[in-house]
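Notes follow once the structure below has been shown.
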Amino acid sequence: MAIIERPTDPAPVPAVAGSGAPAVVTPSQAYGVLRRPVSSTGWRSWVFTVDHKKLGIMYGVVAMFFFIMGGIEALLIRLQLAGPEGTVLSAGLYNEMFTMHATTMVFLFVMPMAAAFANYLIPLQIGARDVAFPRINAFGFWCFLAGGLFLNTSWFLGGAADGGWFMYQPNASPLYSPTNGVDFWALGLQITGIASLTGAINLIVTILNMRAPGMTLMKMPIFTWMILVVQFLLLFAMPVITVALFLLMFQRSFGATFFDVAAGADPLLWQHLFWIFGHPEVYIIVLPGFAIVSEVLPVFSRKPLFGYRFVVFSGAAIGFVGWGVWAHHMFASGLGPVSVAVFSVATMLIAIPTGVKIVNWTLTMWGGKIQFTTAMLFAVGLVVSFTIGGLSGVTHAVAPSDTQQTDTYYIVAHFHYTIFGGAVLGLFAGFYYWWPKAFGKLLNEKLGKWNFWLMMIGMNMTFGPMHIIGLQGQPRRMMNWTEARAGEGFFNLGFWNRVASVGSFILAIGVFLFLVNIWYTHRAKSNTPKAPLDPWDARTLEWITQSPPKEHNFDKVPTVHALDEFFHRKYEVDHETGEVRKVATAEEILAAEEAQGDKHIHLPSPSYWPIILAFALPVMAYGVIYNRLLIVVGGLIVLLAMFGWALEPSVADDSDYDPPAEGGGTNKELATIG
Amino acid sequence: MAHRNINMATVRTVPHMTRMSRRMTRRRTLTGLGVAGAALALAGCAQDAPQDTWQPKGDNAQMIHDLQWPVFLIAGIVGVIVIAVIAYVIVRYRDTGQPMPEQTHGKPALEITLTILPALILVGVGIPTVTTIFELAETDDTECIINVTGQQWWWEYDYPAQDGCGGISAPIVTSGQLVMPADTNVLLRLTSRDVIHSFWIPALNGKKDTVPGRVHLLRMHANEPGIYAGQCTEFCGLSHANMKMEAVALSAEDFETWKANQLEAYTPPEAGSLAALGEQAYIANCAYCHQVNGLSTTAPDGTVTPVLANPDQFVVSGAAPNLTHLMTRNTFAGATWDLLTPECRERVWNAPPEEFGALYLQGVTPECLNQVDLREWIRNAPAKKPMYALPSQAANSGGLVRGMPALGLNETQIDQIIAYLLERN
């Protein structure tokens, strides 16, 4: 456990990080000048932090940066395709652009942005003071940043990866993709994969072991439940892509022949490995969005989530069946009719639990008292968009039909309705809903509604026409389209490509308004008042604390009696009449909690090692590409950091802190009460 | 909001279909055929893009279409219902100052019903899906074998000697356009020489990947003579967008004519003609990679040496299009550019089935030749089609390039070569 509750008597700090008796090896004795970076202000408080909230915010900021990058890549693609024979990008650059657009959006935006929400909210939702492994949490974030930056340096070092995000072999082998782009891709994703894997283990342990007293699994908020499912998917999916990426790296950098036809290999091996990861990945991407709207819809409908158990079990069912459908990405690859039939039916099967979610969200709103806040608009937008994406999904679960649609823009339309309409709209609902929790101020609702409508209109204008373009036979991943194959009637490719391109810019303006909203809310002379304690009349534990929460989250860990604990503390339900009466305000509840706050709370201390260890990995990766000596250098740093980490107690020693400031007291107590 | 979504996002499915079906129903006074009429209408209205996936022109594509339109219809209806319900809910239950609603946690009976209902629909979809999958995989009933080989960035079609296809006495090798007998089940044996490509003629069948080291089978059938557009649909590198193909179906009689022409012996150009100079230029510049069957050189002492192409010494895939009968096909460079001028092309593409064969078999006449694109191509191919065709781009491949390099020919040589090629019919 990461949170060390120091006993009231001044006994030695129990050390868990494997250093043996802390009385013998204290940090100051062991490292001399290398004291723990314990300052709680300034840049050091961010760079060396192990606080899940700060890490969550950093995940969010970096993911948002990559979202903008991936968005610019998308706009360039749409500019190229706005007219026939586009010349905005060269063929090579176009291929790099769509490869990196997908890679960036999947691995560097949606996944880490979901990690941002999970990191920030899971401990708060389950009444914990941090995650189970705070330093590993920090390590995960830095791996994500290091891997993401490493991957993108390829733009300046001879060109980015150009094999498509699925990197099919042998097209992505050194012979057919001679730049280093694919090497950067394989190694960069390997590093960001560490972030996903460590994050998954961390959150699983946190959720299973660190819930507040009384919070049984079936009293867990639905967001936490869905994130738990996602972490299990990550836990089992990441090793598959890790293996695949290692094979690819050995093939490209060390002359191995795993996918080399001339050496007797079958390139379909790569496809199976990629999609055994790739399909669970689809649910890894979309379930966090589902998780968020499953919190937002009940709050703004003023009703509990309809069929909580059904939503939980359908989420888990998606998690299981999601493993049995990977080959539906390969219906045209020559699997043979038996495999195609099996995967076709399995794919239809997964539509059922997904449909259950749509039904439950709709019935949550049914009979409610719906408030159209920006967060709610995004949530409803998700339900509608995902319905469309899900139904177009059924049309290509029908494998023969899919052989006409796969690798056309119809598929592009489908998965943008599910990923943009499912995941991204959910994330935006989450931004507006939890912004006051994380930053203490409400985002501007007026700008928020412009933000929503422009995104919604832009999204439908961009991806809606792609249904038409695709069914009219325009394949994906083509650097241009020609008049000769565009047709002339109502469904002609020219018109609808232009609509999609215009739509993409409207979408971009919508996203830009979100950034404007952040600036507007937080600018120096902003008159946005501090957000109230419970701005949305919410239902879950993260709102029984200050906004933003103190470093230790809760003065007193709340005891849970019911699903929607916070709601039940505020309201009394008359079960005979169904009448709901307010019995307490959030302020009263929080005051009561804080009055009996724990006296001594000790949080895990900041550490240098996670960031050092994480940034040693790209050094090794550059070594694989350019010079084997660098592998040794990076490896030595990794070794050093691992030893330093292992020998470092999880809680800083007295000697790590500056002498007591004048006026008594020390700044050692990161969280003193009372 | 939900209404906006209905209009924009499901435009290709139900609202459009029903709107259109209403119009068409009036026009054609089709009554009582609601569902079938809607599907027909959708197919009938969308006759524009040549790769339209909703206009089957052969048995296999028809089988797919018969399966898919009801699925689209069902999906569309479900979509409209769900979105309509959501629209109703958000209007009906918006906050108008009503008291806090009852805190209902769910109704298991309702939920089980709403789980079983889609499951039943999917059973209804699943059964015909599975039967169609197996029907489409059937190849025993094919009467004609054509080998299809993909490489960066063009398709080669070779017809092994066989009793099928009405009898083929010697192998035929061609590219760009897959010529096949109409109303016949043709078996394509698909493979690749380099990376994975995907063979797709939407009007005739779904797509099938061509994977190096594997042979995949695909049954093709065209109801009527005609020309059907297609495109490589598995991302295959730099010029993926420029890897197109066309299938040409000919009546049995016309197919016989086509075969006979393909097997005709080489006719050298008339001595002293521009084409004769072209033959020399061709041998000096093109014949390293491009085979013209029957082409030979005669030494002063009368020894005849056949000119044999050696593409495997120059290009990664080890192949280049065979040009023996270039002018019998209407396209070049991966079917990306036309050998026909736009007017002549229009004539072929718009010909009714009964006139199509005769028109197609005319091939490319001098009046119809698209000089512009062909000249540009011969002058500097990589400038026209992105390829790894510069020696500097061949570092990783032992000096082999991918695609046709710039040959540095002058305009006179280009004139000669074009004159020579014009006789390859």
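Might you check whether a residue that is touching a His at 6+ places or on another chain (Cβ under 9 Å), in contact (Cβ under 8 Å) with a residue 40 or more places away in the chain and within 14 Å of chain B (Cβ to nearest Cβ) occurs anywhere in region A:177-189?
No, region A:177-189 contains no residue that is touching a His at 6+ places or on another chain (Cβ under 9 Å), in contact (Cβ under 8 Å) with a residue 40 or more places away in the chain and within 14 Å of chain B (Cβ to nearest Cβ).
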- Note on the structure: Just one listed residue, out of A:294, A:301, A:344, is within 7 Å of chain B (Cβ to nearest Cβ), buried (at least 24 other Cβ atoms within 10 Å of the Cβ), at pLDDT 95 or above and in contact with a helix residue (DSSP H, G or I) (Cβ under 7 Å, 6 or more places away or on another chain), and it is A:344
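Within region A:559-570, can you find the residues that are crowded, with 19+ Cβ neighbours inside 10 Å and either in contact (Cβ under 8 Å) with a residue 40 or more places away in the chain or not in a helix (DSSP H, G or I) (or both)? Don't jump to the end; show me each part of the working.
Initially, region A:559-570 is screened for residues crowded, with 19+ Cβ neighbours inside 10 Å, giving A:560, A:563-567, A:569-570.
Across region A:559-570, the qualifying residues are A:560, A:563, A:564, A:565, A:567.
Filter the strands (runs of 3 or more DSSP E) completely within region B:171-274 down to those with at least 2 residues that are farther than 23 Å from residue B:290 by Cα, facing chain A (nearest Cβ under 9 Å) and not polar (S, T, N, Q).
Details: elements: B:172-175, B:177-181, B:186-192, B:197-199, B:208-210, B:216-220, B:226-231, B:244-250.
Result: B:208-210, B:216-220, B:226-231.
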- Note on the structure: When (1) polar (S, T, N, Q); (2) touching a residue at least 40 places away in the same chain (Cβ under 8 Å); (3) in contact with a Ser or Thr (Cβ under 8 Å, 6 or more places away or on another chain); (4) within 14 Å of another protein chain (Cβ to nearest Cβ) are applied to residue A:528, the one that fails is (4)
- Item | The listed residue being over 27 Å from residue A:274 (Cβ atoms) and in contact (Cβ under 8 Å) with a residue 24 or more places away in the chain, out of A:48, A:66 | A:48
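Here's the yes/no breakdown for (1) free of Cβ contacts under 8 Å to residues at least 60 places away in the same chain; (2) more than 25 Å from the chain's Cα centre (by Cα):
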{"residue": "B:386", "(1), (2)": "no, no"}
{"residue": "B:399", "(1), (2)": "yes, yes"}
{"residue": "B:406", "(1), (2)": "yes, yes"}
{"residue": "B:412", "(1), (2)": "yes, yes"}
{"residue": "B:419", "(1), (2)": "no, yes"}
{"residue": "B:424", "(1), (2)": "no, no"}
- Message: If I ask for residues that are more than 15 Å from residue A:609 (Cα to Cα) and not in a helix (DSSP H, G or I), which ones from region A:125-155 would you list?
- Response: A:127, A:128, A:129, A:130, A:131, A:132
- Query: Quick one: which of A:30, A:23 is under 29 Å from residue A:128 (Cα atoms) and modelled with pLDDT under 95?
  - Reply: A:23
- Message: Looking only at region A:472-493, count every residue that is part of a helix (DSSP H, G or I) and either in contact with an Asp or Glu (Cβ under 7 Å, 6 or more places away or on another chain) or closer than 20 Å to residue B:197 by Cα (or both) and tell me the total.
- Response: 1
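Quick one: is residue A:327 facing another protein chain (nearest Cβ under 8 Å), among the aliphatic types (A, V, I, L, M) and part of a helix (DSSP H, G or I)? Outline the logic, then answer.
Values: facing another protein chain (nearest Cβ under 8 Å): no; among the aliphatic types (A, V, I, L, M): yes; part of a helix (DSSP H, G or I): yes.
Judged against the criteria, residue A:327 is not a match.
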- Please tell me if residue A:185 is within 27 Å of residue A:626 (Cβ to Cβ), at pLDDT 95 or above and either polar (S, T, N, Q) or within 22 Å of the chain's Cα centre (by Cα) (or both). yes
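If you scan region A:406-420, which residues turn out to be within 13 Å of another protein chain (Cβ to nearest Cβ), in a helix (DSSP H, G or I) and over 15 Å from the mean Cα position of the chain (by Cα)?
Quick first cut of region A:406-420, residues within 13 Å of another protein chain (Cβ to nearest Cβ) only: A:406-414, A:416-418, A:420.
Now drop any that are not in a helix (DSSP H, G or I), which leaves A:409-414, A:416-418, A:420.
Listed by number, the residues that qualify are A:409, A:410, A:411, A:412, A:413, A:414, A:416, A:417, A:418.
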- Check whether at least one residue in region B:340-359 is out of contact with any Leu (no Cβ under 6 Å at 6 or more places or on another chain), touching a residue at least 24 places away in the same chain (Cβ under 8 Å), outside any helix (DSSP H, G or I) and crowded, with 19+ Cβ neighbours inside 10 Å, and report yes or no. yes
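Do you know which of the residues in region B:129-155 that are of a type outside the set (S, T, N, Q) and farther than 22 Å from residue B:180 by Cα is surrounded by the fewest Cβ atoms within 10 Å (Cβ to Cβ)? Before you say what the answer is, go through the steps one by one.
Our first condition is that a residue be of a type outside the set (S, T, N, Q); within region B:129-155, this holds for B:130, B:133-138, B:140-141, B:143-146, B:148, B:150, B:153-155.
In the following step, the residues that additionally are farther than 22 Å from residue B:180 by Cα were identified as B:130, B:133-134.
Working: B:130: 20, B:133: 24, B:134: 12.
Only one residue tops the list, namely B:134.
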- Message: Take residue A:446 and tell me if it is on the phi < 0 side of the Ramachandran plot, more than 23 Å from the chain's Cα centre (by Cα), more than 14 Å from every other protein chain (Cβ to nearest Cβ) and at pLDDT 95 or above.
- Response: yes
- Residue list for region A:591-630, filter: in a helix (DSSP H, G or I), over 30 Å from the mean Cα position of the chain (by Cα) and in contact (Cβ under 8 Å) with a residue 12 or more places away in the chain: A:593, A:594
- Looking at region A:513-520, is at least one residue facing chain B (nearest Cβ under 10 Å) and either within 19 Å of residue A:74 (Cβ to Cβ) or part of a helix (DSSP H, G or I) (or both)? no
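Restricting to region B:49-96, give me the number of residues that are among the basic types (Lys, Arg) and either in the same structural domain as residue B:221 (by TED's automatic domain parsing) or free of Cβ contacts under 8 Å to residues at least 24 places away in the same chain (or both).
In the first step, residues of region B:49-96 are kept if they are among the basic types (Lys, Arg); the result is B:57, B:92, B:94.
Next, from what is left, pick out any that are either in the same structural domain as residue B:221 (by TED's automatic domain parsing) or free of Cβ contacts under 8 Å to residues at least 24 places away in the same chain (or both): B:92, B:94.
So the count comes out to 2.
Quick one: would you say residue A:475 is within 7 Å of another protein chain (Cβ to nearest Cβ) and in contact (Cβ under 8 Å) with a residue 60 or more places away in the chain?
Numbers: within 7 Å of another protein chain (Cβ to nearest Cβ): yes; in contact (Cβ under 8 Å) with a residue 60 or more places away in the chain: yes.
For residue A:475, the condition - within 7 Å of another protein chain (Cβ to nearest Cβ) and in contact (Cβ under 8 Å) with a residue 60 or more places away in the chain - is met.
Taking the options B:396, B:425, name whichever one is of a type in the set (S, T, N, Q), closer than 24 Å to residue B:172 by Cβ and either assigned to a helix (DSSP H, G or I) or touching a helix residue (DSSP H, G or I) at 6+ places or on another chain (Cβ under 9 Å) (or both).
Numbers: B:396 fails: closer than 24 Å to residue B:172 by Cβ.
So the residue among B:396, B:425 that is of a type in the set (S, T, N, Q), closer than 24 Å to residue B:172 by Cβ and either assigned to a helix (DSSP H, G or I) or touching a helix residue (DSSP H, G or I) at 6+ places or on another chain (Cβ under 9 Å) (or both) is B:425.
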- Taking region B:81-113, which residues are crowded, with 17+ Cβ neighbours inside 10 Å, modelled with pLDDT of 90 or more and in a helix (DSSP H, G or I)? B:82, B:83, B:85, B:86, B:87, B:89, B:90
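The values are calculated or read from the model by the stated rules, or taken from the named source; none is laboratory data. All values derive from a computational prediction rather than experimental measurement. Neighbour counts run over all protein chains shown; Cβ positions are idealised from the backbone, glycine included.
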